[in-house]
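One structure below.
Only the coordinates and a few stated rules stand behind these numbers; no lab work does. Quick caveat: nothing in here was measured; it's all calculated off a predicted structure. Quick reminder, even Gly has a Cβ in these numbers, built from the backbone with ideal geometry, and neighbours come from all protein chains shown.
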Amino acid sequence: SDWTNSGDALVALDDDKTKGRTDMELLVGTTIIELIYGDITKTNVDCIVNAANTSLLGGGGVDGAIHRAGGIEILEECKEIRARQGGCSVGEAVITTAGKLNAKYVIHTVGPVWNKGINNEEDKLEKCYKNSLDIAVKHNVKSIAFPNISTGIYRFPKLKAAQIAFSSVQSFIEDEKFMDRIQFVCFDEENYQIYLKIFKEKL
Ligand code: AR6
């Protein structure tokens, strides 16, 4: 395997949830992959990925948190994109400013709603990661944070989603060498434990 351990704990986020937890990092090629337990709006990267919906007009979950923390500027740009191209399809991604967030960009991608796996949900989720990374590279992004797309309101099974997230990111890194740092930010305990297990298996 080309996965090696590049070191142990990372700086914990300023969040009670991280207390007593060891966040992990892996080195794949020249890209560091990090596991963070916390709020994606508080992380420190060039670009934050949002789990949006096709309207691009905001919603609950991580989408709500990003728009609340980033301010009206993000929504204004989403509305412009909507006027131009009519929102965003499932599996696709669009990029805006990050407003007041501590990042340069937000990439809004639309995950699939889980429906027993009969609508190619797995391929669509994979496309979310791939298209987000492609658009990030075009904007010279060097560090990017992903939430656990589709695993909240859209009910995608969490283990399957984590495996897809990992393999998508890994194949991106094998093809392109442009990303310095990729974070998986888990907000709920179940996702965090799933990612922790996957990270440990790769060490
Ligand atoms: N930081 C990081 N992750 C978070 C945060 C946060 N602040 N808040 C929630 N999560 P969801 P979906 C996690 O429901 O399933 C919206 O209304 C959460 O624990 O946000 O793709 C959109 O507008 C979960 O693991 O997104 C769409 O209508 C993950 O983010 C719809 O929800 C994704 O949960 C999209 O549903």
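Annotations
- Cα Rg, Dmax (largest Cα-Cα span) when computed across the chain, Å: 15.7, 47
- Angle between the chain longest axis and helix 72-85 axis [Cα atoms, degrees, rounded to 10]: 70 degrees
- Summarising the strand pairing of the stretch 50-118, around 60 percent of its internal DSSP beta bridges are antiparallel.
- Take every pair of alpha-carbon atoms less than 8 Å apart whose residues are at least six positions apart; their mean separation over the length of the chain yields a relative contact order of 26 percent.
- Shape summary of the stretch 120-203, radius of gyration then Dmax from alpha carbon positions: 12.6, 33 Å.
- Debye log10 I(q)/I(0) at q = 0.14, 0.21 Å⁻¹ for the stretch 156-203, Cα point scatterers: -0.37, -0.78
- Karplus-derived 3J(HN,Hα) values for the stretch 121-126, using 6.51 cos²θ - 1.76 cosθ + 1.60 with θ = phi - 60°, are 4, 5, 5, 5, 5, 4 Hz; glycine and proline are entered as x.
- Spacing of the modelled spin labels on Arg84 and Asp188, each 7 Å from Cα toward Cβ, amounts to 3.4 nm.
- Structure-based [θ]222 nm, the chain - -39500 (n - 2.57) summed over DSSP H runs of at least 4, per residue, nearest 500: -12000 deg cm²/dmol
- Net length gained if the chain between Thr97 and Lys142 were fully extended (0.36 nm per residue, minus Cα distance): 14.6 nm
- Counting every pair of alpha carbons in the stretch 71-175, the share spaced more than 16 Å apart comes to 59 percent.
- When Asp39, Asp63, Asp180, Asp123 are sorted by how many other C-beta atoms sit within 10 angstrom of their C-beta, beginning with the fewest, the order is Asp123, Asp180, Asp39, Asp63.
- Beta bridge orientation in the chain: antiparallel %, DSSP, nearest 5: 40 percent
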